[in-house]
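Colleague: Pasting a structure below so you can have a look.
Values quoted throughout were computed directly from the atomic coordinates according to the rules given, and no laboratory measurement underlies them. Note that this is a predicted model, so its numbers are computed, not measured. Heads up, the Cβs are rebuilt from the backbone with ideal geometry, glycines too, and the neighbour counts pull from every protein chain shown.
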Amino acid sequence: MNNEIQNKEKTDDDRSQKDIALAVRISNVGFEMVFPAIIGVGLDYLFGTVALFVVLGVLLGASLGFGQLIRIAAKTDNKPVDPD
């Protein structure tokens, strides 16, 4: 009986560690999408252009972010979670 409880606690800990790792990867996707646009704002200011580098940054960030989301979705297992 005691082993069952310990095994369940280990399973819950593993599941919450996986959930935290997934949340960190998804938040990194947000940074990947926003950071190139912010760099584009700085480059536009530096070179005196109007939204050229911002648009390029948004396109680059979106392509990197969506590519990363696709990789995350492909690695995520779709096994149903046991409510017990």
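Colleague: How far apart, in nanometres, would the label points at THR76 and VAL41 be if each is projected 7 angstrom from Cα along the Cα-to-Cβ direction?
Modeller: Computed distance between label sites THR76 and VAL41 equals 2.9 nm.
Colleague: Sticking with this structure for a sec: If we count other beta carbons within 10 Å of each Cβ, what is the order of ASP19, ASP44, fewest first?
Modeller: Ranked by crowding around the Cβ, least crowded first: ASP19, ASP44.
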